[in-house]
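Enquirer: Quick one: structure below, then a few questions.
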Amino acid sequence: MHNSASVVQPTPRARVQAMKEYHPPLGNRDAMRLDFNENTIACSPKVREVLGRISAADLTRYPERAPVERIVAKHLGISAERVVLTNGVDEAIHVLFETFLDSGDELLLPVPTYTMYEVYASAMDANVVAVQADTDLQFPFDRLLSAITPQTKVIAIANPNSPSGSLATREQVVELAQRAPQAVVLVDEAYFHFCGETVIDLIETLPNVLIARTFSKAYGLAGLRLGVLAGRADLMRWIRRVLSPYSVNSLALACLPPALEDSAYLDWYVGEVISARADFEAALESVGMRHWPSHANFILVYVGGQHAEFVRLMSAGGVLVRDRSNDPGCDGCVRITIGTRQQMREATAVLRATLKVLGAMEGER
């Protein structure tokens, strides 16, 4: 028998060993889902109809992106060669970084922001240059400008940003793109529908701007994993070279056109969230809970040292929320997704009860 201590085993690259692990707190989520910024009720009924018509024979075929990419491009008002569908925005980010980041290149990243930018960049042997926002968590524009170097090859901007809900202006995006012509400027508009502001038209005039969108949020298709990347045709040609040809599955491709067609459902859901967001902000103010203005379908609130207990008590009350205390500059903060008005009325009642318990616990110390 071989001595197990002497057996040679495969080892990953040193950079992979040094990567941060990302373990989203999924599992046992049979409660009100105000923790992952998903659509909190359902996708369009038209999507359910299409799913019911998919046959066993349909599943034997490899998926074809191109016909649905043409539909998406028309929906976005751009030509099909400027659009690539991806397996969620995560794949869009991953493939973009694989395409444009080499060893020693820099990803310029305003923080706090979406965790996976740093995870995917670190796997590319790239250097992550984190630019910290002030305590107001607004977009750190001037600091980003100052941080640009010749090694800056990607600037990633979640717009609106998570977990803060803040927004970079069109003028700020334009200046960053112009000051760093050697870099791809990714504007991730995952939460676009809840603010209504987009810079997708900039791909016509700025050759280094790419726009990402997701169908996981407002459209309620998170389980199907669908995203889209849009940019100049010459940039998209390189993206397609790296992208797996079959990474978007047939079910997702079948469901996307009816989701796009059902604008009435989308408008209703987005309207519900925007109204509920305003109501919930008023409720937070009534209980004296500090929070940051949000342009997205979530609000970041400050709980303080009791943040973990707050999350636990909210969950015990049937409402799941997300602890963001480990994000840079977010110590003591919790992010709460905004659902429908009825859901947020129920969540507000649980929040008030939770604060009473926390207050009593604090008084006993």
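The values are calculated or read from the model by the stated rules, or taken from the named source; none is laboratory data. Predicted model only: the values in this text are computed from it and were never measured. Counting neighbours? That spans all protein chains shown, and the Cβs are built from the backbone with ideal geometry, glycine included. Side chains included, ligands, DNA and RNA excluded: accessible areas come from the protein's heavy atoms. Shrake-Rupley method; radii C 1.70, N 1.55, O 1.52, S 1.80 Å.
Enquirer: Buried (at least 22 other Cβ atoms within 10 Å of the Cβ) and either touching a Ser or Thr at 6+ places or on another chain (Cβ under 9 Å) or not in a helix (DSSP H, G or I) (or both): which single residue out of Ala283, Ala308, Ala259 fits that description?
Expert: Numbers: Ala283 fails: buried (at least 22 other Cβ atoms within 10 Å of the Cβ); Ala308 fails: buried (at least 22 other Cβ atoms within 10 Å of the Cβ).
Selected residue: Ala259, the only one of Ala283, Ala308, Ala259 that is buried (at least 22 other Cβ atoms within 10 Å of the Cβ) and either touching a Ser or Thr at 6+ places or on another chain (Cβ under 9 Å) or not in a helix (DSSP H, G or I) (or both).
Enquirer: OK, next. What residue, of Val209, Val248, Val242, Val301, is more than 17 Å from the chain's Cα centre (by Cα) and open to solvent by 30 Å² or more (accessible area, probe 1.4 Å)? Reasoning before the result, please.
Expert: Numbers: Val209 fails: open to solvent by 30 Å² or more (accessible area, probe 1.4 Å); Val248 fails: open to solvent by 30 Å² or more (accessible area, probe 1.4 Å); Val301 fails: open to solvent by 30 Å² or more (accessible area, probe 1.4 Å).
Of Val209, Val248, Val242, Val301, the one residue that is more than 17 Å from the chain's Cα centre (by Cα) and open to solvent by 30 Å² or more (accessible area, probe 1.4 Å) is Val242.
Let's see how each residue does on (1) polar (S, T, N, Q); (2) part of a strand (DSSP E or B); (3) open to solvent by 20 Å² or more (accessible area, probe 1.4 Å); (4) within 26 Å of Pro140 (Cα to Cα):
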| position | (1), (2), (3), (4) |
| --- | --- |
| Gly271 | no, no, yes, no |
| Ala276 | no, no, no, no |
| His295 | no, no, yes, yes |
| Arg335 | no, yes, no, yes |
| Met344 | no, no, no, no |
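Enquirer: Could you list, in sequence order, all residues of the stretch 13-44 that are modelled with pLDDT of 75 or more, assigned to a loop (DSSP other than H, G, I, E, B) and open to solvent by less than 100 Å² (accessible area, probe 1.4 Å)?
Expert: Ala31, Leu34, Asp35, Phe36, Asn37, Glu38, Asn39, Thr40, Ile41, Ala42, Cys43, Ser44, listed by residue number.
Enquirer: Considering only residues that are buried (at least 22 other Cβ atoms within 10 Å of the Cβ) and either touching a helix residue (DSSP H, G or I) at 6+ places or on another chain (Cβ under 7 Å) or aliphatic (A, V, I, L, M) (or both), which ones fall in the stretch 112-126?
Expert: Correct list: Tyr117, Tyr120, Ala121, Ala126.
This table checks each residue for (1) assigned to a strand (DSSP E or B); (2) small (Gly, Ala, Ser); (3) within 16 Å of Ala230 (Cα to Cα).
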residue	(1), (2), (3)
Val174	no, no, no
Gln182	no, no, no
Val187	yes, no, yes
Thr198	no, no, yes
Ile203	no, no, yes
Leu206	no, no, yes
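Enquirer: Just to be sure before I move on: is Phe194 crowded, with 24+ Cβ neighbours inside 10 Å and not small (Gly, Ala, Ser) in the structure I sent?
Expert: Working: crowded, with 24+ Cβ neighbours inside 10 Å: no; not small (Gly, Ala, Ser): yes.
It is false that Phe194 is crowded, with 24+ Cβ neighbours inside 10 Å and not small (Gly, Ala, Ser).
Enquirer: A follow-up question, please. For the condition free of Cβ contacts under 8 Å to residues at least 60 places away in the same chain and among the small types (Gly, Ala, Ser), what is the one hit in Ala276, Ala282? Can you show your working first?
Expert: Numbers: Ala276 fails: free of Cβ contacts under 8 Å to residues at least 60 places away in the same chain.
Unique residue meeting the criteria: Ala282.
Enquirer: Would you be able to say whether some residue in the stretch 166-183 is closer than 30 Å to Pro45 by Cα, touching a residue at least 60 places away in the same chain (Cβ under 8 Å) and not β-branched (Val, Ile, Thr)?
Expert: If we filter the stretch 166-183 for residues that are closer than 30 Å to Pro45 by Cα, which is where we start, we get none.
Within the stretch 166-183 (the criterion being closer than 30 Å to Pro45 by Cα, touching a residue at least 60 places away in the same chain (Cβ under 8 Å) and not β-branched (Val, Ile, Thr)), the answer is no, since none of the residues qualifies.
Enquirer: What's the number of the only condition in (1) touching a Cys at 6+ places or on another chain (Cβ under 7 Å); (2) open to solvent by less than 20 Å² (accessible area, probe 1.4 Å) that Gly165 fails to meet?
Expert: Result: Gly165 fails condition (1) only.
Enquirer: Same structure again: Which of the residues belonging to the stretch 52-104 are polar (S, T, N, Q) and more than 25 Å from the chain's Cα centre (by Cα)?
Expert: So the first thing to find is which residues in the stretch 52-104 are polar (S, T, N, Q), and the list is 55, 60, 79, 86-87, 99, 103.
Matches in the stretch 52-104: Ser55, Thr60, Ser103.
Enquirer: Out of all the residues in the stretch 262-270, is one or more in contact with a Lys or Arg (Cβ under 6 Å, 6 or more places away or on another chain) and of a type in the set (D, E, K, R)? Show your work before the answer.
Expert: First, pick out the residues of the stretch 262-270 that are in contact with a Lys or Arg (Cβ under 6 Å, 6 or more places away or on another chain): 262.
If we keep only those that are of a type in the set (D, E, K, R) as well, we get 262.
Yes - at least one qualifying residue is present in the stretch 262-270.
Enquirer: Within the stretch 201-228, which residues are free of Cβ contacts under 8 Å to residues at least 24 places away in the same chain and among the hydroxyl-bearing types (Ser, Thr, Tyr)?
Expert: The answer is Thr205, and nothing else.
Enquirer: Does any residue of the stretch 93-102 turn out to be open to solvent by 70 Å² or more (accessible area, probe 1.4 Å) and closer than 26 Å to Ala123 by Cβ? Talk me through it step by step, then tell me what you get.
Expert: Kept after step one, since they are open to solvent by 70 Å² or more (accessible area, probe 1.4 Å), are these residues of the stretch 93-102: 98, 102.
Next, only the ones that are closer than 26 Å to Ala123 by Cβ stay: 98, 102.
Taking every residue of the stretch 93-102 in turn, at least one turns out to be open to solvent by 70 Å² or more (accessible area, probe 1.4 Å) and closer than 26 Å to Ala123 by Cβ.
Enquirer: Here are some residues: Val154, Val174. Which one is under 13 Å from Leu108 (Cβ atoms) and modelled with pLDDT of 95 or more?
Expert: Working: Val174 fails: under 13 Å from Leu108 (Cβ atoms).
Matching residue, one of Val154, Val174: Val154.
Enquirer: Look at the stretch 71-92 and say how many of its residues are out of contact with any strand residue (DSSP E or B) (no Cβ under 8 Å at 6 or more places or on another chain) and surrounded by 14 or more Cβ atoms within 10 Å (Cβ to Cβ). Full working, then the answer.
Expert: Narrowing the stretch 71-92 to residues out of contact with any strand residue (DSSP E or B) (no Cβ under 8 Å at 6 or more places or on another chain): 71, 74-75, 77, 79-81.
In the following step, the residues that additionally are surrounded by 14 or more Cβ atoms within 10 Å (Cβ to Cβ) were identified as 71, 75, 80-81.
Residues meeting the conditions: 4.
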